[in-house]
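Engineer: Submitted below is the structure of interest, expressed as structure tokens.
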Amino acid sequence: MNKKVLLAIASGAILMSNAAPAENYYVRNRPFTQVVKAGGEAMVGAEAFLRALGLNWTVDGNVVTLTDKPAANPALKTGTLTYRYGSSEVQLEGSPRGGATYVSLRPLAKLANYSVASNASLGIVDVNKARLSTDAEKKQVSEVQAQFAAAQKEKEEAWTRKAAELKEKREKDAEASKSGDAGKPAEEGKEAADTGEAKDAKDSKDSKDSKDSKGKKKPEETASTQPAAPADPKSDEKKDEKKPEEKKEASLEALPVNVTPNPMVGTVTMQCEVRNVGNAPSKSVSGTLTLTGPSRSGSVTDNGNSSSSTWFTKSVNGPSIAPGASWTFTETWRHPSGNSMPIGNINASIKLNNTK
């Protein structure tokens with residue numbers, strides 16, 4: 001038994017020892033299951049993979065020539081074969097598994113001008129026609145991403161201004177409330193002072209009248225016979241009266257959603273935040289997350305922009321939020337067209353069912 005056969009058998013043993021991959025694989029936006037892992041590398045059934053790419057092939061010795069035209073598509077052998085497509089070629093080692101020959105995914109996909117993009121958070125691996133192959137496409141995506149960044153910055157600044165306005169209004173209302181309470185005691189104190197001055201003047205006049213022409217006090221008026229003034233019960237009530245407390249309530253605000261599209265994979269990641277700008281704990285957060293993007297029809301509105309449609313909606317529920325705190329979460333959505341996702345204005349927003 002030669003070394004090449006031993007290598008093929010060893011590779012086959014490695015493949016057989018690995019369970020199905022944890023990721024979900026898509027080839028041209030369709031599920032593809034003939035995938036196994038060997039040492040962390042994805043291996044695909046060569047014949048099934050080429051058919052999924054829409055390609056055919058001929059075999060001449062150890063050379064497999066790929067074509068998009070009808071061909072015989074003979075069975076592919078194990079061992080080292082040269083795969084050729086146009087003016088490019090690559091040597092791949094084929095390993096047997098379940099009657100099929102498995103080869104490395106990435107070099108075969110690259111040879112056929114397909115890209116392999118993986119999203120670990122979603123557990124998705126996409127094989128689609130390679131994008132961003134030209135400078136014009138790269139420039140287009142860069143411009144769109146710059147527009148996204150500018151729009152997000154503008155939304156954040158607008159929200160910050162609004163939050164500052166709400167805070168200033170609450171402070172002014174609180175100050176006005178305090179000023180109203182402080183005015184009453186001041187007026188009462190002035191009235192009391194005026195009453196005291198009148199009383200002193202009266203006492204002075206009575207004192208003069210009680211004296212005789214020589215300045216001596218009259219005997220019968222040396223001791224005061226005036227009864228003591230009764231205590232005013234309302235004065236004690238005013239002392240015990242407390243200033244009214246500032247009204248406390250929650251005020252929930254949804255910040256502009258930070259949208260990050262990934263055209264290479266066909267996903268949109270949304271970073272969401274809801275803040276409590278009030279001065280009391282809120283109820284549990286409840287609302288709806290909506291994602292909009294360019295319509296597939298490619299129609300154009302009156303102002304020259306591409307028409308948009310709703311791509312995704314989801315009910316969101318969160319915890320109660322303390323004053324000055326926030327609740328954040330991330331949502332990732334995959335477009336049905338994968339990396340053929342339309343490029344354009346993509347926006348997301350949260351509509352809250354409760355704001356307190």
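Laboratory data are not the source of any read-out in this text; all were calculated from the coordinates shown. All values reported here derive from a predicted model rather than from experimental measurement. Here the Cβ positions follow ideal geometry from the backbone for every residue, glycine too, while neighbour counts run over all protein chains shown.
Engineer: Which ³J(HN,Hα) values, rounded to whole Hz and listed in residue order, are derived for the range 113-126 from phi using the Karplus coefficients 6.51, -1.76 and 1.60 in 6.51 cos²θ - 1.76 cosθ + 1.60 with θ = phi - 60°, glycine and proline given as x?
Structural biologist: Working through the residues one at a time gives 6, 10, 9, 10, 10, 10, 10, 4, 5, 9, x, 10, 10, 10 Hz.
Engineer: What does the charge add up to near residue 312, with Lys and Arg as +1, Asp and Glu as -1, over the other residues with Cβ less than 10 Å from its Cβ? Write down the numbers at each step before the final one.
Structural biologist: Numbers: positive: 314, 334; negative: 331.
Result for the neighbourhood of residue 312: +1.
Engineer: While we're on this one: Report the gain in length on full extension from residue 77 to residue 283: 0.36 nm times residue separation, minus Cα-Cα distance, nm rounded to one decimal.
Structural biologist: Value of the extension gain: 67.6 nm.
Engineer: Given H placed on each backbone N at 1.01 Å, which residues far from residue 285 in sequence or on other chains put an amide H within less than 5 Å of it?
Structural biologist: Placed amide hydrogens put 318, 320 under 5 Å from residue 285.
Engineer: Another question about this same structure. Put a dot 7 Å past each Cα toward the Cβ at residue 353 and residue 150; how far apart are the dots in nm?
Structural biologist: 3.8
Engineer: Here is a follow-up. Ranking request for peptides 254-262, 62-70: highest mean number of other beta-carbon atoms within 10 Å first, then the rest in descending order.
Structural biologist: Ranking, from highest mean packing down: 254-262, 62-70.
Engineer: Calculate, in nm to one decimal, what residue 295 and residue 178 gain on full extension: separation in residues at 0.36 nm each, minus their alpha carbon distance.
Structural biologist: The span from residue 295 to residue 178 would gain 36.6 nm if fully extended.
Engineer: With a 10 Å radius around each residue's Cβ, average the other Cβ atoms per peptide and rank 116-128, 320-332, 164-176, highest first.
Structural biologist: Averaged packing, sorted descending, gives the order 116-128, 320-332, 164-176.
Engineer: Just order 283-292, 76-85 by mean Cβ neighbour count inside 10 Å, highest at the front, would you?
Structural biologist: Details: 283-292: 16.8, 76-85: 18.4.
Per-residue Cβ counts within 10 Å, averaged per peptide and sorted highest first, yield 76-85, 283-292.
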